[in-house]
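Read the structure below first, then the notes.
The numbers here are math on the coordinates, done by the rules we state, and not lab data. Just so it is clear, the structure is predicted and the values come from calculations on it, not from any experiment. Cβ atoms come from the backbone with ideal geometry, glycine included; neighbour counts cover every protein chain shown.
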Amino acid sequence: MEESQDITVNAGDIARLAAVGRAAVSNWRRRHDDFPRPVGGTTSSPLYSLPEIAAWLRRNGKSFEVSLGDLVWQRLRTSADDLRLGDLVGSVGAFLLFLHREPRAWREQGRRSLSRLAEVTADLPGSPAPLDDPGLLRLVAELAAEHGPLPAFEFLCERYVEAHSRRLSVTRDDVAALMHRLAVQDGGTVLDPACGVGTLLLHARSALGQEINETNALLTAVRLLLRGADARVVAGDSLREDGLSDELADAVVCDPPFNERAWGYEDLTGDPRWEYGLPPRGESELAWVQHCLARVRPGGLVAILMPAAAASRRPGKRIRGNLLRAGALRAVVTLGAGGPDLWLLRRPDGERPPSQLLVVDASENLSVVEPAWRAYGEDPEAEANGESRTVRIIDLLDDEVDLSLARVRPQQGGPDFLRDFTGALDRFRDTSATLSGSSGAPFALEPLTERQDLPTTTVGELAKAGLITILQAPPKMSVEKGPLPVLTAEDTVLGTAPSGRTTPDPAPVMVMPGDVVTTVMGAVRVITRSGAALGPQLTLYRVDPERLDADFLAGFLRSADAARIHPSSSRLDVRRARVPMLPLAEQRRYGAAFRELFSLEDRLRETAALGETLIRLGFDGLVDGHLRPCDQGV
C-alpha cells in the first residue's frame with residue numbers, strides 16, 4: 001500500500017470497496033469512536049485517508065480489498081477535482097495508448113521514453129497534458145501489465161462515468177449494440193456526430209466521431225484506438241462547426257442531445273443540410289436527423305435515438321411528412337414507455353421509395369427488432385408479424401403526421417386482428433375450462449373434524465441435521481448480460497423460464513431439479529430444470545431426497561405461517577419456518593397435494609393474463625373498427 005499513502009476516499013468509495021451500502025458506512029462513523037477522522041473534503045462530504053480506512057476495517061474484521069485498478073482510480077480522484085478529473089483520465093488514456101503502441105520503449109527506458117508520447121499519440125484530438133506524477137505512472141503501467149491497456153482504460157472509463165452519472169448521458173450497451181447491427185450491415189465506416197464517450201462506435205472497425213466536449217472526444221478516441229480501430233475523432237459542435245464535412249460514412253449511429261433550444265437555429269437558417277425543411281427552434285432532434293442523412297452515402301443507413309414526442313409534435317410535422325414522402329424514414333422502434341424511440345432511416349439513392357413504414361414495439365423485448373428489420377429490408381411491402389407491423393405511408397400523411405405508438409401501435413399477434421382476437425378468446429376458454437370443467441376439487445383433500453397437531457421442527461434445525469443445504473447467489477452479480485441464464489426473483493414469482501443473463505465469474509450457484517427457491521417476499525418455486533444460475537435476492541434450499549421431499553418443504557414454506565416473519569422486518573426469516581416431522585412416504589403425499597395447489601395457482605395466473613389480453617383486444621377492436629357488437633355474442 002505504499003502508493004496509497006496520499007490517497008483519499010469518500011463514504012461512497014468506502015462502501016463500494018467494502019461491498020456494503022452507504023448506510024453501513026454512516027453507522028460505522030456514528031457508532032465507533034475509533035473510526036478514522038476526515039483528512040479533507042467538506043462537512044457534508046468528508047474525505048478519509050485510504051490507508052487509515054483499510055487498517056480500521058481489517059482491525060474490525062471487515063472484508064476489504066483494494067484492487068490495483070481501484071488504487072489507480074482513487075489516486076486519480078485524489079489528484080484532481082471533479083472538473084479536471086476527465087482531463088486526467090484522458091491523459092492516462094494517452095499514456096496507455098503509448099504503452100499499447102510502444103511496450104518495449106517503456107520497459108527499457110521507463111519515463112525517458114515518454115519524450116516520444118506526443119508523437120506516438122498524434123492521432124488523438126487535442127493535446128493531452130503529460131502525466132507528471134511518477135507514482136501514478138508506475139501504478140498505471142502495472143495495471144496495464146496485469147490486465148492489458150484496453151481493459152485498464154475501460155475500467156477507468158467505467159469509474160469516470162459512474163462518478164459523473166448526472167452529467168454524462170451514456171447509451172445503454174444493449175441498445176448501442178442493436179443500433180450497430182441494424183445500421184452497419186456490410187462493415188464500412190461508421191459515423192457518430194454526437195459521440196459522447198464513444199459507446200455507439202465501440203463495435204466499428206472504421207469509425208468517425210465528433211463530440212462537443214473535448215474531454216469526451218479524447219476518451220472516445222483512446223477507446224477506439226486501443227481496440228485497433230481505424231478512427232478519426234474531432235472535438236466541436238457538429239451542427240455549427242462540422243469537423244467531418246469532408247467525409248461520407250457508410251452508416252451513421254447517433255444518440256443526440258434532446259430538447260436543446262440553443263442548437264444554432266439563427267445561425268443555420270439557410271444550411272444546405274435542411275433538405276427536408278428548416279428544423280423549428282424547439283425541434284433540435286430533427287436537425288440531427290437531417291445532419292445524419294447529409295453525412296451518410298446515398299443508400300446508407302442511419303440509426304438515431306429520438307424522444308418519443310418527436311414522433312407527434314406539431315412543429316415537426318412538415319419534416320416528418322417530407323421524410324416519409326422521400327422514403328428516408330423507414331422504421332420507428334419503440335424501446336420503452338416514454339422513449340426514447342429508435343428511428344431507422346435510409347438516404348435516398350434514386351430508388352422508388354417504399355409505400356410502407358415499419359413500426360416495432362420492442363418495449364418488452366429488443367430481440368424482436370432485428371428479424372422485423374431484416375424481413376422489411378427483403379420486402380418493404382409485405383405485412384409484418386409479431387410485435388411489428390407495416391403502416392401505409394399515405395395513411396400517415398394527414399394533418400398531424402403522427403408516428404407515435406398510440407397512432408400506429410402494432411397489435412399483439414400480428415396484423416391479422418381477427419386471428420389475434422379469436423386466438424386469445426379460444427385460449428381463454430380452454431384455460432378457463434381446466435379450472436371449471438372438473439367435478440369437485442381438482443385434487444383430493446380430506447376435511448378433518450378436528451385439527452391435526454403434528455410434531456414439527458424448523459428449517460434451521462433441518463439444515464443443521466444435513467437434510468437441507470442453504471445457498472445464495474454471490475453478493476455482486478449482474479443479470480443484464482452474459483452467456484449464462486439466470487433465474488430472477490420475477491421468474492420465481494411468475495413461474496417463467498430464466499430471463500436474466502450473467503457471466504460465470506464469480507462462480508454462480510447453479511440450480512438443479514428438486515431445488516426449492518424462495519424470494520425475500522415469500523414466493524416459492526420447486527425447480528424442474530437445470531442449466532441456470534441462482535439470481536440475486538433468492539435463496540435456494542437443496543434437500544436430501546432420501547430423507548426430505550422437495551414439494552413437501554415448498555408447501556410449508558409457501559403457507560402463511562406468521563411465525564416465520566421476523567418482527568422487525570417484512571422479509572421472510574425462513575430458518576424459523578416450522579415443518580412437520582413425517583415419514584418420507586407421508587411427506588410425498590403432502591408434496592403431491594402442494595404440487596397441485598402450485599399448479600392451480602399458475603393456471604389462475606395464466607387465465608388472468610389471457611383475460612387481460614382479451615379485454616385489451618376487445619377494447620381496441622371496438623374502437624378501431626375490427627369488431628362490432630352482436631346480439632348472439634362473439
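Set Lys and Arg Cβ to +1 and Asp and Glu Cβ to -1, take the dipole of region 456-581 about its Cα centre, and tell me which of A532, L553, V459 lies farthest positive.
The residue sitting farthest along the positive end of the dipole is V459.
Sort W263, W73 so that the residue with the fewest other Cβ atoms within 10 Å of its own Cβ comes first and the one with the most comes last.
Sorted ascending by nearby Cβ count, the order is W263, W73.
Under a 5 Å amide H to amide H cut-off, with H placed in plane at 1.01 Å, what residues pair with G41 once short-range neighbours are removed?
Placed amide hydrogens put L47 under 5 Å from G41.
So, R0 is 60 Å and r is the distance between the beta-carbons of T43 and R325; what FRET efficiency does that work out to, to 0.05?
0.45
Which trypsin sites (Lys or Arg not before Pro) from region 247-315 combine a DSSP loop assignment with at most 15 other Cβ atoms within 10 Å?
Sites meeting the loop and neighbour criteria: R261, R281.
Would you calculate the separation in nanometres between label points at S363 and A382, each defined as 7 Å from the Cα along the Cα-to-beta-carbon direction?
Modelled inter-label distance: 2.8 nm.
For D133 and E52, compute 0.36 nm times the residue count separating them, minus their Cα-Cα distance, and round to one decimal in nm.
Fully extending the segment from D133 to E52 adds 26.9 nm.
Using Cβ contacts closer than 10 Å as the measure, can you line up W288, W343 from fewest to most?
Fewest-to-most ranking of W288, W343: W343, W288.
Zone of R181 (label point 7 Å along Cα→Cβ, backbone N under 16 Å): which residues in region 459-500?
480-484
Rounded to whole Hz and in sequence order, give me ³J(HN,Hα) for region 602-617 from the Karplus expression 6.51 cos²θ - 1.76 cosθ + 1.60, θ = phi - 60°, writing x for Gly and Pro.
5, 5, 4, 5, 5, 4, 4, 5, 5, x, 5, 4, 4, 5, 4, 5
Between the alpha-carbon centers of region 234-303 and region 360-374, tell me the distance in whole angstrom.
26 Å
What spacing in nm lies between the two simple spin-label points modelled at D544 and I470, each 7 Å away from Cα in the Cβ direction?
If labels sit at D544 and I470, their model points lie 1.7 nm apart.
Computed from the coordinates I sent, P(r) over Cα pairs in 10 Å bins from 0, in percent equals one of (1) 3, 12, 18, 19, 19, 16, 9, 3, 0, 0; (2) 3, 14, 25, 28, 19, 8, 2, 1, 0, 0; (3) 3, 13, 20, 18, 13, 10, 7, 5, 3, 2, 2, 1, 1, 1, 0, 0. Tell me the label.
Evaluating P(r) over Cα pairs in 10 Å bins from 0, in percent on these atoms matches (1).
In straight Cα distance, which lysines are under 21 Å from K62, not counting same-chain residues fewer than 8 positions off?
Filter leaves K476.
State to the nearest 20 debye the size of the charge dipole of the chain about its Cα centre, where the only charges are +1 on K and R beta carbons and -1 on D and E beta carbons.
Computed charge dipole of the chain: roughly 1320 debye.
At R0 = 51 Å, how high is the FRET efficiency between E266 and Q537 if r is their beta carbon distance? Nearest 0.05 is fine.
Result of the calculation: an efficiency of 0.45.
Relative contact order of the chain: what whole-number percent is it, with Cα pairs under 8 angstrom and at least 6 residues apart?
7 percent
Please identify the GluC sites (Glu not before Pro) of region 176-243 that satisfy two criteria: DSSP loop assignment and at most 13 other Cβ atoms within 10 Å. Which are they?
Loop-located and lightly packed - E241.
About the Cα centre, and with charges only on the beta carbon of Lys, Arg (+1) and Asp, Glu (-1), how big is the dipole of region 241-301? Nearest 20 debye, please.
Computed charge dipole of region 241-301: roughly 180 debye.
Placing +1 on the Cβ of each Lys and Arg and -1 on the Cβ of each Asp and Glu in region 87-130, which of V89, V120, W106 has its Cα farthest towards the positive end of the resulting dipole?
Positive-end residue among those listed: W106.
Under the rule of at least 5 residues apart or a separate chain, name every residue whose amide H is placed under 5 Å from the amide H of R330.
L344, L345, R346
Run the numbers for A145 and R205: contour at 0.36 nm per residue of separation, minus the present Cα-Cα distance, in nm.
Extra length from A145 to R205 when fully extended: 19.1 nm.
Please list, ordered by chain and number, the residues whose modelled amide H lies under 5 Å from the amide H of V234; skip anything fewer than 5 residues away on the same chain.
G209, Q210, E211
Rounded to whole Å, give me the distance from the Cα center of region 36-62 to that of region 124-194.
Region 36-62 and region 124-194 have Cα centres spaced 30 Å from each other.
Picking from V197, A310, A294, whose Cα lies most toward the positive end of the charge dipole for region 192-321 (charges on Cβ: Lys, Arg +1; Asp, Glu -1)?
Result: A310, furthest along the dipole toward the positive end.
Can you list which of the chymotrypsin sites (Phe, Trp or Tyr not before Pro) found in region 155-260 are DSSP loop residues with at most 15 other C-beta atoms within 10 Å?
Passing sites in region 155-260 do not exist.
Per DSSP H run of n ≥ 4, the term is -39500 (n - 2.57); total these for the chain, divide by its residue number, and report the mean residue ellipticity at 222 nm rounded to 500 deg cm²/dmol.
-12000 deg cm²/dmol
Note the full-extension length gain between S26 and E446 as 0.36 nm times their separation in residues minus their Cα-Cα distance, in nm to one decimal.
In short, 145.7 nm is gained.
What is region 67-168's relative contact order, in percent, from Cα pairs under 8 angstrom and six or more apart in sequence?
40 percent
Using unit Cβ charges (K, R positive; D, E negative) and no other charged atoms, how large, in debye to the nearest 20, is the dipole of region 456-581 about its Cα centre?
Dipole of region 456-581, to the nearest 20 debye: 220 debye.
Can you sort V252, V574 from fewest to most other Cβ atoms within 10 Å of each residue's own Cβ?
Fewest-to-most ranking of V252, V574: V574, V252.
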